[in-house]
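None of the figures in this text is laboratory data; all of them are computed from the coordinates on show. Small disclaimer: the values here were computed from a predicted structure and weren't measured. Because the Cβ atoms are built from the backbone with ideal geometry, glycine has one as well, and the counts that use them run over all protein chains shown.
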């Protein structure tokens, strides 16, 4: 079993839809949680960064961490065609020098 | 904004060649990382470095080495390139969290 599980998709939604992307994990030591967006042929770009549990909002994006369920989510409101990309979740335990464990990535397509 | 610059976007090399991939960051970060990304396998950590002249093996170090002579620069070396090293290579840097990535080098070994 992988430490971090993420549905690879692809996920196709119409423009304006609310998108929900999710990851589950097995290691209760994880404290740092990140979402990256990766466009084709580009490097991952940091979208959201959360320490421990709770919610974080940035514009149309909301990240949620539920440590009791070992589950993290990224919500995209009013999705746009420019949101079409692969979304990677990543996480790390405290004191491991920044090593990240990544999900496989979910490919999202937002249709006009 | 953090800037991580990888020297080449695309590179084509021949089997058996020694290949150097360069990465420079401008934020004085202690930690730097090299990953490769392959379809269906995700991102896999090759090597990382906590400080100048320090290096640690990641999950797939075989066939690779690294060099960190200056804090801002981290090089990945393919000692004798093989076709199974054709991949997208990503460099990242971080002070602790989060990591910031460069745009990647798409390397083809023929």
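Taking a ≥ b ≥ c as the square roots of the eigenvalues of the Cα gyration tensor of the range A:1-103, is the shape rounded (a/c under 1.5), prolate (a/b larger than b/c) or oblate? Prolate shape, in that a/c is at least 1.5 and a/b is the bigger ratio. Across peptide A:37-50, the mean count of Cβ atoms from other chains lying within 10 Å of each residue's own Cβ comes to 4.
Mean partner shielding of peptide B:89-96, defined as the number of other chain Cβ atoms within 10 Å of each residue Cβ, is 3. Panel note: the C-alpha atoms of chain B, placed on their principal axes, show extents of 36, 25, 23 Å (largest first). Per residue, the convex hull spanned by the Cα atoms of the protein assembly as shown amounts to 120 cubic angstrom. Distance between the modelled labels on residue B:106 and residue B:54, one decimal in nanometres: 3.6 nm (7 Å Cα→Cβ projection). Between residue B:15 and residue A:27, the simple spin-label model (points 7 angstrom out along Cα→Cβ) gives 3.6 nm. Distance from the C-alpha centroid of the range A:1-25 to that of the range A:56-109: 9 Å, rounded to the whole angstrom.
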